[in-house]
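Input: a single structure, listed below in structure tokens.
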Amino acid sequence: METFDVIEKFLRYVKIDTQSDDTTGTSPSTMKQHDLAKLLKGELEEIGASEVYYDTEHCYVYASIPGNSGNAESPALGFIAHMDTSDEVSGKDVKPRIVENYDGQDISLNADTVLSPKDFPELKNHVGEDLIVTDGNTLLGADDKAGVAEIMTMAQTLIKNPEIKHGDIKIAFTPDEEIGEGTAFFDIPRFGAKYAFTVDGGKLGELEYENFNAAEGVIKVNGRSVHPGDAKGKMVNASLICYEFDSLLPEDQKPMYTEGREGFFHLTEINGSTESAKASYIIRDHDEALFAKKKELFLAAADYLNKKYGEGTVEVTVRDQYFNMIEKIRPHMHLVDNAKKVMTDLGIAAIDKPIRGGTDGASLSYKGLPCPNLCTGGYNYHGRYEYASIQEMRKCVDILLGIVDAYK
């Protein structure tokens with residue numbers, strides 16, 4: 001069997017800057033995401049994929065690998081990864097470096113930045129492995145270019161080895177996942193899969209089919225600016241009311257105090273003056289009833305302040321963003337069961353992990369495409385301490401091929 005190395009692809013992809021930007025209001029949010037889309041389109045055509053389509057307006061790439069198993073009952077199975085990277089840390093001029101046979105000690109990324117097991121204990125689990133790290137100035141981009149590279153390696157392996165029997169395989173690469181817009185223009189009929197997996201997780205063995213219910217909450221405070229020397233009984237300080245609003249939310253329901261399936265209120269941005277102020281939050285919970293209560297509490301805090309300071313002082317909006325995919329996966333648990341069996345057969349411990357966030361798979365599941373999430377072998381996403389395990393990435397390719405075999 002002809003084999004292909006996922007690492008060569010990954011190292012090529014991470015050097016392409018694809019950061020998304022939630023301030024532009026365009027789709028894709030940054031034109032530079034097209035650079036990777038064009039490259040992937042060309043590579044898919046070069047390896048012999050079918051129905052390669054590049055949405056030049058919205059920056060989606062689709063492709064197919066026709067089934068060869070002769071089984072008319074085989075469902076069309078899809079694999080999806082996103083091309084964009086987080087805007088938290090620069091993705092420009094990424095300089096990946098391979099640390100061979102990691103010894104469990106500190107890794108100096110540059111003169112000022114150290115990747116240390118003291119700060120990231122998970123590193124100790126990679127002793128003896130080869131790790132791909134950054135130069136400490138950028139993120140790496142394993143989220144989700146590891147997933148992109150793994151899907152591309154799976155595709156090339158299937159196409160170049162026709163003796164591997166499989167059903168119809170569908171592939172898609174999306175933009176803007178990091179800003180919650182990855183499925184905004186996803187063409188499910190064109191994609192053509194009955195079931196799919198996003199390849200956008202982390203640690204080897206992670207299998208995710210639960211995620212947060214998510215909402216965005218925004219308050220705008222209308223204050224009254226008066227010279228501080230003559231302010232008694234007149235001034236209404238909008239910025240202080242923002243802080244008062246935050247104090248009305250449960251302290252123990254903030255991200256730094258929660259884990260697992262515990263939800264939270266997270267203040268993501270606050271700015272303003274005496275005259276006006278604005279605060280933005282994300283509201284999260286795995287449990288549907290607790291999620292509803294959190295939204296009610298957010299609205300109640302604004303109502304309390306309006307009664308205290310006068311109607312219209314606090315304007316509040318709460319907008320649902322996505323929901324827990326488990327409700328759409330439960331009728332199709334064979335996706336989870338088959339993925340777990342593949343991992344077990346490969347000697348990989350399957351890890352049921354509720355996502356403390358969301359994926360494109362959550363949105364797609366609610367659009368009628370059941371879509372759990374698979375691991376990629378990447379760690380410490382969205383920052384300069386990001387790294388990926390070469391051995392784990394190669395095993396992730398084996399997982400994809402194993403799932404393909406399960407549905408042949």
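The values are calculated or read from the model by the stated rules, or taken from the named source; none is laboratory data. Just so it is clear, the structure is predicted and the values come from calculations on it, not from any experiment. Don't worry about glycine lacking a Cβ; one is built from the backbone with ideal geometry, like all the others, and counts go over all protein chains shown.
All of 86, 90, 116 fail the test of being free of Cβ contacts under 8 Å to residues at least 12 places away in the same chain and farther than 30 Å from residue 408 by Cα, apart from 116. One residue alone among 299, 335 is modelled with pLDDT of 95 or more and within 21 Å of residue 246 (Cβ to Cβ), and that residue is 299. Total residues in the stretch 159-184 satisfying the condition of being in a loop (DSSP other than H, G, I, E, B) and closer than 22 Å to residue 76 by Cβ: the figure is 10. Being free of Cβ contacts under 8 Å to residues at least 24 places away in the same chain and within 30 Å of residue 161 (Cβ to Cβ) is a property that does not hold for residue 104.
What do you reckon, is residue 221 over 21 Å from the mean Cα position of the chain (by Cα), part of a loop (DSSP other than H, G, I, E, B) and surrounded by 14 or more Cβ atoms within 10 Å (Cβ to Cβ)? Spell out how you get there, then give the answer.
Numbers: over 21 Å from the mean Cα position of the chain (by Cα): yes; part of a loop (DSSP other than H, G, I, E, B): no; surrounded by 14 or more Cβ atoms within 10 Å (Cβ to Cβ): yes.
In short, no.
Scanning the stretch 133-150 for residues that are in contact with a strand residue (DSSP E or B) (Cβ under 7 Å, 6 or more places away or on another chain) and either among the polar types (S, T, N, Q) or more than 15 Å from residue 204 (Cα to Cα) (or both) gives 133, 134, 135, 136, 137, 139, 140, 141, 148.
Can you tell me which residue within the stretch 111-150, out of those that are part of a loop (DSSP other than H, G, I, E, B) and of a type in the set (A, V, I, L, M, F, W, C), is surrounded by the most Cβ atoms within 10 Å (Cβ to Cβ)? Break it down stepwise before answering.
Quick first cut of the stretch 111-150, residues part of a loop (DSSP other than H, G, I, E, B) only: 111-112, 116-120, 127-130, 134-141.
The next check asks that each one be of a type in the set (A, V, I, L, M, F, W, C); those that pass are 111, 120, 127, 139-140.
Values: 111: 7, 120: 14, 127: 12, 139: 24, 140: 31.
So the residue we want is 140.
When you scan the stretch 4-25, how many residues do you find that are part of a loop (DSSP other than H, G, I, E, B), β-branched (Val, Ile, Thr) and surrounded by 12 or more Cβ atoms within 10 Å (Cβ to Cβ)? Adding up the residues that qualify gives 4.
A residue that is farther than 22 Å from residue 319 by Cβ, in contact with a His (Cβ under 8 Å, 6 or more places away or on another chain), assigned to a loop (DSSP other than H, G, I, E, B) and in contact (Cβ under 8 Å) with a residue 40 or more places away in the chain can be found somewhere in the stretch 249-262. Would a scan of the stretch 158-168 turn up a residue that is exposed (fewer than 14 other Cβ atoms within 10 Å of the Cβ), touching a helix residue (DSSP H, G or I) at 6+ places or on another chain (Cβ under 8 Å) and either modelled with pLDDT under 95 or in the same structural domain as residue 32 (by TED's automatic domain parsing) (or both)? No, the stretch 158-168 contains no residue that is exposed (fewer than 14 other Cβ atoms within 10 Å of the Cβ), touching a helix residue (DSSP H, G or I) at 6+ places or on another chain (Cβ under 8 Å) and either modelled with pLDDT under 95 or in the same structural domain as residue 32 (by TED's automatic domain parsing) (or both).
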